[in-house]
1. Can you name every residue in segment 183-220 that is assigned to a helix (DSSP H, G or I), surrounded by fewer than 20 Cβ atoms within 10 Å (Cβ to Cβ) and in contact (Cβ under 8 Å) with a residue 12 or more places away in the chain?
2. Assess whether residue 240 counts as being in contact with a helix residue (DSSP H, G or I) (Cβ under 7 Å, 6 or more places away or on another chain) and assigned by TED's automatic domain parsing to the domain that holds residue 348.
3. Within segment 148-165, track down each residue that is under 15 Å from residue 181 (Cβ atoms) and either under 14 Å from the mean Cα position of the chain (by Cα) or crowded, with 16+ Cβ neighbours inside 10 Å (or both).
4. All but one of (1) closer than 19 Å to residue 159 by Cβ; (2) in contact with a strand residue (DSSP E or B) (Cβ under 8 Å, 6 or more places away or on another chain) hold for residue 287, so report the exception by its number.
């Protein structure tokens with residue numbers, strides 16, 4: 001019984017509309033005035049459609065007040081009274097002026113009243129339907145995106161670096177169990193998935209099996225190992241980068257399928273130790289790994305005119321050559337001459353135009 005219940009509760013077995021709240025699509029910020037104006041425009045369009053239908057079929061209507069047929073003004077009047085669900089009993093407008101007042105003054109007031117009265121309920125229902133439609137479209141189209149598991153300090157820094165490399169916010173998916181973290185990610189225009197990254201169905205909902213890269217930025221090493229193992233099973237060709245607190249767990253991450261492992265605690269510790277004697281070196285390292293300003297480490301393709309030359313003679317400060325997925329430092333013998341298809345790891349200056 002328990003196994004059957006767990007099987008039917010898998011996220012991947014749910015229809016898209018039931019994932020509203022699990023997946024959160026970024027929302028565009030619209031001012032209340034703009035929202036009301038849009039609703040009024042839709043109401044006017046509905047009114048115009050009703051008037052057109054009534055006027056085209058005016059032979060089927062009768063005006064009991066004068067019996068001279070239904071004019072265009074009568075059609076507008078009838079449409080406004082009908083759409084506003086207003087019924088007149090002992091008092092009815094008879095003259096054209098009275099009906100014109102109903103059209104231009106009374107009906108807008110009724111519409112405004114309806115907007116204030118039921119606007120919130122309609123907005124909630126409409127937003128839920130809109131979210132379901134967005135989720136359906138996103139799940140059918142998402143490809144080659146970046147999945148970040150954990151949106152703590154490491155996860156936020158990783159996302160900042162990814163976005164600074166030119167990856168659109170719509171191509172970044174955040175997986176976390178903390179709703180406050182997910183709300184912060186959603187405010188940045190990122191798609192979020194509520195759930196534990198250790199569950200394969202959660203990672204499937206995030207599209208890990210179609211992702212280009214997976215960043216594992218959890219606070220616990222055991223969780224990082226399990227997430228990496230699950231992500232590698234779902235995405236054999238994805239680039240998986242994991243953060244680990246203890247260096248002794250690096251081999252576990254690599255055995256689980258991580259392409260790159262970053263030891264966060266030891267890296268921070270080395271910087272702290274260097275800061276006691278050479279603080280300027282730490283400042284330079286911080287500048288290089290901070291992509292927003294100053295200097296940054298980047299990678300680019302070689303130009304045709306650079307093939308055959310030495311990377312040490314280029315205007316850029318080249319740190320290494322990437323060839324067939326392997327990095328050669330600039331002082332390595334294999335990096336003496338640039339070959340077609342190589343990529344250069346270099347230091348570039350970040351200007352406001354790059355942001």
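The values are calculated or read from the model by the stated rules, or taken from the named source; none is laboratory data. These numbers were taken from a predicted model, which means no experiment stands behind them. So basically every Cβ, Gly included, is an ideal-geometry build from the backbone, and we count neighbours across all protein chains shown.
1. Within segment 183-220, 184, 186, 200, 201, 204, 209, 210 qualify.
2. no
3. 148, 149, 150, 151, 154, 155, 156, 158, 159, 160
4. Against the list (1) closer than 19 Å to residue 159 by Cβ; (2) in contact with a strand residue (DSSP E or B) (Cβ under 8 Å, 6 or more places away or on another chain), residue 287 comes up short only on (1).
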